[in-house]
Amino acid sequence: MKISCSKQALINGISIVSKAVSSKSTMTNLQCILIESSLSEIRLIANDIELGIETIIEGTIKEAGKIALDAKLLSDIIRKLPDSEVFIETNANSQANIRCERSNFNIPGTSGDDFSYLPEIEKNRSFVISQFSLKEVIRQTIFSISDQENTKIMTGELFEINGDTLKVVSLDGHRISIRKIPLKENYENMKVIVPGKTLIEISKIITGGVDDEVRIYTTDKHILFEFENTKVVSRLLEGEFYKIDQMLSNDYETKITINKKEFLDCIDRASLFIKESEKKPIILNINSSNIYLKIDSSLGSMNEEIEIKKEGKDITIGFNPKFLMDALRVIDDEEVNIYMVNPKSPCFIRNEDNSYIYLILPISIAN
């Protein structure tokens, strides 16, 4: 193989596919990036079996071929090269020569014959979404997935298509995040559970342009994201997602409307007094026109007051402040509506059309 391309093109390609390089496996190929050139294109591929990424970069091909190179070593070398044209040449012994201006490297590789290519995905079911919408919907839900492997389903997110609406749901046992976004067309109804790791990496790769599209294909076992010159294939999580509809209710005894930034900043200040080992709640004492926030820990205490609009009963309720902040940070509205029933029932942060719903379980507080 003989190819050349700009350092920047190579860096960009390596950065994209490196997200599918295994950091734990002892299998050599899973720690490698495959560079494959045909007569028309240069492809970079990485695959850790659960997640596979392939991207095409621009360059000049003098001789077709392929080689698998250690991903970390390749990345480290390319990053330290001058900003110039990079030449890569391989020989029959799977040795790669990398040249750039006066720099010259020789590194061992493997032929790539045993490399795990991305699986072929049937393209019978698909939908299209803008990169901006996909990036936003991930940002606004990913924080409430679980990191506990013993609750595997909770480590992913439900993607559900109903006609022209995409609903994304995540939960970790203490909170639920729901986002609904409109699609430009009607699609076949579908439900899949996408691993959180996949969505985090997708969010890092896509640029988030409003006019840039992602076409998403699903099968019973895989999901494929296609955008620009890149393909990302991931295994889906198997099993039935939790039935959350029975947990969602429009009933409430107390509704408050509050300035989001003011509320968030106040909770952020209160979090200065939180020690992880103590798990102290922030206490919200809500009366006719004000909310009094209080936290008391071994580090100190804080009290603050915020004006609100209130409907219904007065209430005193406690929450994990991190859960409140996580939800408030991803809401773009200037004011938020918070609905509560009693100190032991979940609160709901949601807008009028339910395009976002954040359910948070309270923490018991002493009288």
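The values are calculated or read from the model by the stated rules, or taken from the named source; none is laboratory data. Small disclaimer: the values here were computed from a predicted structure and weren't measured. Positions of Cβ are backbone-derived with ideal geometry, glycine not excepted, and every protein chain shown enters the neighbour counts. These area figures cover heavy atoms from the full protein model, side chains too; ligands, DNA and RNA do not enter into them. Shrake-Rupley method; radii C 1.70, N 1.55, O 1.52, S 1.80 Å.
At a glance:
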quantity: Residue that is surrounded by the most Cβ atoms within 10 Å (Cβ to Cβ), among those in the stretch 82-118 that are among the β-branched types (Val, Ile, Thr) and without any contact (Cβ under 8 Å) to a residue 60 or more places away in the chain; calculated: Ile98
quantity: Residues that are more than 18 Å from Arg179 (Cβ to Cβ), in a helix (DSSP H, G or I) and of a type outside the set (D, E, K, R), drawn from the stretch 143-152; calculated: Asn150, Thr151
quantity: Test for Glu311: is it among the acidic types (Asp, Glu), surrounded by 13 or more Cβ atoms within 10 Å (Cβ to Cβ), in contact (Cβ under 8 Å) with a residue 12 or more places away in the chain and touching a strand residue (DSSP E or B) at 6+ places or on another chain (Cβ under 7 Å); calculated: no
quantity: Filter result for Tyr356 (over 21 Å from Ile181 (Cα atoms) and surrounded by 14 or more Cβ atoms within 10 Å (Cβ to Cβ)); calculated: no
quantity: Criterion: within 29 Å of Asp353 (Cβ to Cβ) and surrounded by 21 or more Cβ atoms within 10 Å (Cβ to Cβ) - qualifying residue of Val210, Val137, Val128; calculated: Val137
quantity: Subset tally (residues that are farther than 18 Å from Ile244 by Cβ and more than 27 Å from the chain's Cα centre (by Cα)) for the stretch 309-367; calculated: 19
quantity: Selection count, the stretch 320-337, where residues are in contact with a strand residue (DSSP E or B) (Cβ under 6 Å, 6 or more places away or on another chain) and open to solvent by less than 10 Å² (accessible area, probe 1.4 Å); calculated: 3
quantity: Within the stretch 272-304, tally of residues that are surrounded by 15 or more Cβ atoms within 10 Å (Cβ to Cβ) and in contact with a helix residue (DSSP H, G or I) (Cβ under 6 Å, 6 or more places away or on another chain); calculated: 6
quantity: Restricting the stretch 271-288 to residues that are part of a loop (DSSP other than H, G, I, E, B) and at pLDDT 90 or above, the residue that is nearest to Lys313 (Cα to Cα); calculated: Asn287
quantity: Enumeration of residues in the stretch 238-264 that are open to solvent by 20 Å² or more (accessible area, probe 1.4 Å), among the hydroxyl-bearing types (Ser, Thr, Tyr) and not in a loop (DSSP other than H, G, I, E, B); calculated: Thr257
quantity: Ile142 vs. criteria surrounded by 13 or more Cβ atoms within 10 Å (Cβ to Cβ) and within 26 Å of Glu185 (Cβ to Cβ); calculated: yes
quantity: The stretch 199-237, residues that are of a type in the set (Asp, Glu), touching a residue at least 24 places away in the same chain (Cβ under 8 Å) and part of a loop (DSSP other than H, G, I, E, B); calculated: Asp211, Asp212
quantity: Top-ranked residue of the stretch 148-172 - restricted to ones that are charged (D, E, K, R) and either closer than 21 Å to His222 by Cα or touching a residue at least 24 places away in the same chain (Cβ under 8 Å) (or both), ranked as surrounded by the fewest Cβ atoms within 10 Å (Cβ to Cβ); calculated: Glu149
